[in-house]
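To start, the structure itself, in structure tokens.
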Amino acid sequence: MKHMNQPQHEVPLAAWQEFLTEHGAGGVLDGRVTKVLPFGALVDVGSGIHGLLPSTAWSARPEAGSAIQVRIGSLDVDNRRVSLRPA
């Protein structure tokens with residue numbers, strides 16, 4: 001069963017490994033908000049990778065479809081999760 005903060009599809013291992021090779025914690029990325037939930041916004045940061053920008057980090061509520069610049073807060077390699085914060 002998927003959690004609400006996970007994308008509806010599994011990120012292919014090759015895409016995840018490429019993302020890890022190119023990006024690390026603290027890196028700044030351009031993304032697009034795909035979904036806004038009460039606890040945060042899901043942001044597509046490319047290659048099918050989605051990260052969670054927690055609502056506690058918002059200065060203003062983002063809108064679905066909007067472009068946004070984010071910073072990688074942490075990477076959960078085992079669960080293929082990206083935690084984001086404002087850039």
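The values are calculated or read from the model by the stated rules, or taken from the named source; none is laboratory data. From a predicted model like this one, the values you see are computed outputs, not experimental measurements. In this analysis, Cβ positions are derived from the backbone assuming ideal geometry, glycine residues included, and neighbour counts consider all displayed protein chains.
Worth a mention:
- The range 48-77: number of residues that are loosely packed, with under 14 Cβ neighbours inside 10 Å and farther than 13 Å from VAL11 by Cβ: 12
- Whenever a residue of the range 30-47 is farther than 15 Å from ALA67 by Cβ, it has no partner that is in a strand (DSSP E or B) and among the hydroxyl-bearing types (Ser, Thr, Tyr) lying with C-beta atoms less than 6 angstrom away and at least six residues away or across chains.
- Subset of the range 34-62 [in contact with a Phe, Trp or Tyr (Cβ under 7 Å, 6 or more places away or on another chain), farther than 18 Å from GLY24 by Cβ and part of a strand (DSSP E or B)]: PRO54
- GLY65 modelled with pLDDT of 95 or more and not in a strand (DSSP E or B): yes
- Among residues of the range 38-47 being surrounded by fewer than 20 Cβ atoms within 10 Å (Cβ to Cβ) and within 10 Å of the chain's Cα centre (by Cα), the one that is modelled with the lowest pLDDT is GLY46.
- Selection within the range 26-77 - touching an Asp or Glu at 6+ places or on another chain (Cβ under 7 Å) and within 15 Å of TRP16 (Cβ to Cβ): SER47, HIS50
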